[in-house]
Every structure is written in structure tokens, then in C-alpha cells.
1. So how strong a dipole does segment 213-348 carry about its Cα centre when Lys and Arg Cβ are +1 and Asp and Glu Cβ are -1, to the nearest 20 debye?
2. Given the Cα-Cα distance of Asp62 and Gln116 and 0.36 nm per residue of separation, how much length would full extension add, in nm?
3. Relative contact order for segment 244-377: what percent, with Cα pairs under 8 Å and sequence separation of 6 or more?
4. What's the FRET efficiency of Asp289 with Val174 using the Cβ-Cβ distance as r and R₀ = 25 Å, to the nearest 0.05?
5. For the chain, with the dipole built from +1 on Lys and Arg beta-carbon atoms and -1 on Asp and Glu ones, taken about the Cα centre, which of Pro10, Ser51, Ala209 lies farthest toward the positive end?
6. Using the Cα centre of the chain as the reference point, and only Cβ charges (+1 on K/R, -1 on D/E), how large is the resulting charge dipole? Debye, rounded to the nearest 20.
7. For the chain, what is the accessible area per residue in Å² when the probe is 1.4 Å?
8. Could you compute the FRET efficiency for Asp362 and Asp224, with r as their C-beta to C-beta distance and R0 at 35 Å, rounded to 0.05?
Amino acid sequence: MPQGYVAPNPVAYPWQWLWDSCFHVLVWQALGDADRARRELAGLFGPQASSGFVPHVNYVRDPEVHADLWGRSGGSSITQPPMYGHAVATLVRAGAPPADGVVAAASAGIRFLLGQRARDPSGLLLLCHPWESGADDSPRWDGYCPGGFDPERWRAEKSRLVTTIRADGDGSPVSNPAFPVASVAFNALVAFNARELASVMGDAAMDAAADELTRALAARWDGDLGTWVDAGPAADGSGRCRTAEALLPLLVDREPVRVACVLAQLEDPTAHGGPAGPTGVHRAEPVFDPTGYWRGPVWPQLAYLLVLAVGHHDPAAADRLAAATVAGAWTSGLAEYWHPDTGVGMGAVPQAWAGLSLVLRDAMGDAGHPTRCPAGG
Ligand code: GLC
């Protein structure tokens, strides 16, 4: 594509989405096309603000298309998990480093979040909108849907929540009083990406900031439930629903009891285990729905991240998780997300981030038996 990125799906998602593009970088790298990887990574910083804030969508093909919604042209006025830290680190480790300007842009993006984004008293960063999590209809947000979760009501509420975002001087999003959620998933991904970037830049201050977030995350662990609990008004309700994304603190947490608990759940067929990959929601949750958008299917980008996380602790378990995810991706026709038991594809088909299954397959070694996990963290 002349604009230098792959649309997640040309019909459903024609723009450049932030975290999708970071995953596409990993896929290009696995395909051996370092130039496309570098271009796609550089492109997502096109609408970056002077504060360092990186919009979650880059509308480079038609900069004015949603200017009315966002109050700015070129990009949105919210962000997404800053997976560019991992993308930069992956390219550097592969000996194909991005241009200096891209590393500086990634660093500014992470520093904006660490320094400018409002925090909850727990020390965790606050989301400005559910879309910032990338997990748009996660049951974690059900407590914020008027009258309880309903897809249509939630759609309307997500539109309303765009209007309550508070921005700083240059329009960068810093808080949202109507959605004061400190998501453990989002914070885990900020900490992980900060660590990744710090590791290749030798940035001790960024590393220390990631450690601080990691400590704040540890305090959110609920041993009885076996999950990390979001901070905010729904902490005693939907903020503790057992979802796959809420297990992402495993990317930065090394505490053995927590690690063992999460590993067991990912393999347990009554918890998150599935022949086509890890379920997006724990099967014992009343809201679990293996065909519902963000309510139970396997999401390839979450499965990839969980394989990375598990690989630090139990390479054989990571191999099994990778093998199941690859099987699901193939069966689904490289779908946006799929059924955890049958692999039947749902959402947009094909969806570019299902190409992460190539990255996982490459990490699996001979005869489909994984021998190593993708580098990371
Ligand atoms: C959906 C997903 C989001 C993704 C986008 C583009 O909105 O929830 O995570 O970035 O589609 O694929």
C-alpha cells in the first residue's frame, strides 16, 4: 500500500491502527521483509503530537475523515497499548534497527504515558477511553455500561465517552472523569514496552519507571480469583472479571506463586485452556461467550503476548500454547478472532494480525514442536 502500512482488514479496518501495526512489524520481520517492517513502524508515528502522544488510528489515507469525531485531523485523540516498544526492540535484536528518529519517537510516546497520563491512587495509569485498551467490549468495562452490558448500549456509551476526554494543551488525552479506569492489562503493556525500549536504548530512567508500574501491578493481584484486578470504581465488580488480557502482567511479573497460578489456568480446559488457543474470558465466568466479540474467543495478539510471557517461565508450556494458537489461526482462515474450541473464524477474515501465527510457528522449531519462544522482555 502506498501509505506504507497494512490495513488490519481492507474493508472493516482500512486505517492504520497503532497496536495492529506494531504486530504487523513482527510479521513483516518473520517474513524477512525488514524494509516493510521499518516503514510500517515509522508510519504509525505520522500523527504523533509534540507531547509524544501517539493516536490510536492514523488516517493518512483520508486525514479529515473523522475530524469531527476527534476534534483533530490526521489521527484520533486517544491512544492504544504502546506495542512499538516491543516492535523497536524486536527489530534491533534482529539486526535491522529502525531509523534513529523512530526510536526517539517511540521513546517520546512511552514517556508521554509515563509522565503526562493521569494516575489512579494505586499508582497505575488511567485509561481515557475503553478503546485505548484495544479490548473494546471486554467484560472488564461492564460496570461502566448504563443498565449493564448490552452491545448497542455499550456502542452508544463508547461514543459518549469520546466527548468526556480531558486533554492537555496540544490536545493529548490525559484523563476521562467518566471512565476513571486503571486497567491492569494496559499498565502491563506500558511496563513491558517501556522495558523493551529501555533494554535497547540503555535508558535507566525508563526501566525504573517500568519497575514502579510493575510493583503497582503486583498489589492488584487477587490470589483467590487468580487474576490482577483493575483499579477504579468497578474494582469490586466487573474490574475483577477473569479475562485473558488481565493476565498480561505476567509479561513483567516474576513472582513464582502468581506465575504458577496463571500458567495452570492457561492450560486448564475449564479455565482459559482451549484446543484453538487461550480463551479471551475464563470459562467459569457467567459472561463467557465463545462467539461474543471480546467475550470469549481467542485473540491472536493476546495469545502471542501470553506465549511470550509464559516462555520466560515454562518454555514447554509456551510451546503448547503457541501450537494451539497456530492451529486455531490456520483453521480460522487467519481471522480477527476465533472460537477457542473449533477455531471457526469470526470478525474480519482475513485480519492481518493473525499473521502473528507465522511468528509463533517460526518459534516452534521442527515438526511443529516448538523449541524456543520469540525473544522478548
Ligand atoms: C477492534 C479491536 C482493536 C483493534 C481494531 C483494529 O477495534 O478491538 O483492538 O485495534 O479492531 O483491528
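1. On the way: 9 positive and 15 negative charges, 31 e Å.
Here the size comes out at about 140 debye.
2. On the way: separation 54, 0.36 × 54 = 19.44 nm, distance 2.89 nm.
Length gained, Asp62 through Gln116: 16.5 nm.
3. Working: 273 pairs, mean separation 30.7, N = 134.
Worked out over segment 244-377, it gives 23 percent.
4. 0.15
5. Of the options given, the answer is Ser51.
6. On the way: 27 positive and 40 negative charges, 59 e Å.
Charge dipole of the chain: 280 debye, to the nearest 20.
7. Heavy-atom accessible area per residue stands at 35 Å².
8. 0.35
The values are calculated or read from the model by the stated rules, or taken from the named source; none is laboratory data. Just so you know, these numbers come straight off a predicted model, no measurement behind them. Cβ atoms come from the backbone with ideal geometry, glycine included; neighbour counts cover every protein chain shown. These accessible areas exclude ligands, DNA and RNA; they are computed on the full protein's heavy atoms, side chains included. Shrake-Rupley method; radii C 1.70, N 1.55, O 1.52, S 1.80 Å.
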